[in-house]
Amino acid sequence: MADKNVRYLNPISIDTQKEKYCRFKKKGIKYIDYKDASFLLMLCNEQGKILPRRLTGTSLKYQRKVGQAIKKARHLALMPYVADNLR
Amino acid sequence: MNRYETVFIMTPVLSADQVAETVEKYKAYLKENNAKIVHEESWGLRKLAYPIQKKSTGFYQLLEFEADASVILPFETEFRRDERIIRFLSTRMDKFHVEYAEMRRNKSKEAPKAAPATTEEA
């Protein structure tokens with residue numbers, strides 16, 4: 001019952017989401033290099049998993065290429081398949 | 001004729017001479033099959049992101065060449081038979097990849113520091 005009595009002096013700030021955009025479209029990047037592991041790491045979470053489109057804002061066309069590039073980099077041991085605390 | 005890019009990893013037990021010899025072998029193989037080598041790059045001894053064949057380092061080598069599609073299959077068979085090679089990957093380059101590779105080459109020419117470090121030790 002105590003919960004109902006909680007009152008806020010100011011309305012809770014719900015952070016308004018910034019407009020998402022595709023970084024590859026915006027910067028005109030046509031090719032995603034599988035050899036550049038440090039760049040691909042930005043598109044992974046700390047376990048080395050590929051981040052979904054809904055988080056990075058990448059367009060579908062480039063998300064496919066990102067996936068391919070990361071998988072190639074993993075094959076060549078430039079990036080780990082599984083990891084802990086990558087960042 | 002297509003443009004291809006091959007990256008392969010050699011075992012870290014090789015000496016510098018043996019590495020050069022191995023690379024030379026594959027370049028010679030390509031030349032025999034009427035391929036034109038456009039670019040080559042040695043990344044030196046690098047740490048692997050995960051162990052392969054119980055090895056945690058390896059010599060990386062990149063070859064960029066123009067060849068007929070029929071060359072690739074026997075070329076990769078050579079890699080599979082070679083015990084010195086622990087991993088390889090060949091990709092056909094599309095026009096954006098070629099563009100990017102040229103840009104990357106010019107960039108590393110201007111600023112040699114930006115290029116991947118090449119180590120001379122065995």
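FYI, it's all coordinate maths here, none of it is from the lab. Bear in mind that the values here come from a model prediction, so they are computed numbers and not experimental data. When we count neighbours, we look across all protein chains shown, and the Cβ atoms used for this are built from the backbone with ideal geometry, even at glycine.
Which one, A:TYR62, B:THR11, B:ILE85, is farthest towards the positive end of the dipole of the protein assembly as shown when Lys and Arg carry +1 and Asp and Glu -1 on their Cβ?
About the Cα centre, the residue reaching furthest to the positive side is A:TYR62.
From other protein chains only, count the Cβ atoms within 10 Å of every residue's Cβ in A:71-84, then give the mean. Mind showing how you got there, number by number?
Working: counts 0, 3, 2, 2, 4, 12, 15, 7, 2, 3, 2, 1, 2, 0.
Taking the mean over all residues of the peptide, I get 4.
Determine which residues of the range B:36-72 fall in the zone a paramagnetic label at B:VAL13 would reach in this model, i.e. backbone nitrogen under 15 Å from the point 7 Å along Cα→Cβ.
Those under the cut-off are B:52-59.
Per-residue HN-Hα couplings for the range B:56-73, Karplus 6.51 cos²θ - 1.76 cosθ + 1.60 at θ = phi - 60°, whole Hz, x for Gly and Pro?
9, 9, x, 8, 9, 9, 10, 10, 10, 8, 10, 8, 6, 4, 5, 6, 5, 4
Could you give the spread of the C-alpha atoms of the protein assembly as shown along their three principal axes, from largest to smallest, in whole angstroms?
The principal-axis extents, from largest down, are 82, 37, 34 Å.
Show me B:60-67, A:63-70, B:90-97 ranked by packing, highest mean number of other Cβ atoms within 10 Å first. Walk me through the numbers on the way to the answer.
Details: B:60-67: 20.1, A:63-70: 17.8, B:90-97: 14.4.
Descending packing order for the listed peptides: B:60-67, A:63-70, B:90-97.
Per-residue mean of other chain beta-carbon atoms within 10 angstrom of the beta-carbon, peptide A:31-37?
On the way: counts 10, 3, 4, 5, 9, 2, 1.
Averaged over the peptide's residues, the number is 5.
Per the Debye formula with a single identical scatterer at each Cα and no solvent contribution, what log10 I(q)/I(0) holds for chain B at q = 0.14, 0.17, 0.22 Å⁻¹?
These q points yield log10 I(q)/I(0) values of -0.63, -0.93, -1.38.
In nm, give the distance between the simple-model label positions of A:VAL6 and B:VAL98, each being 7 Å from the Cα along the Cα-to-Cβ direction.
With each label point 7 Å from Cα toward Cβ, the separation is 6.2 nm.
Just for the Cα atoms in chain A, what are the lengths along the principal axes, largest first, rounded to whole Å?
Over chain A, Cα extents along the principal axes are 58, 31, 17 Å.
In whole Å, what is the distance between the alpha-carbon centres of the range A:27-87 and the range B:46-98?
Using only Cα atoms, the two centres lie 20 Å from each other.
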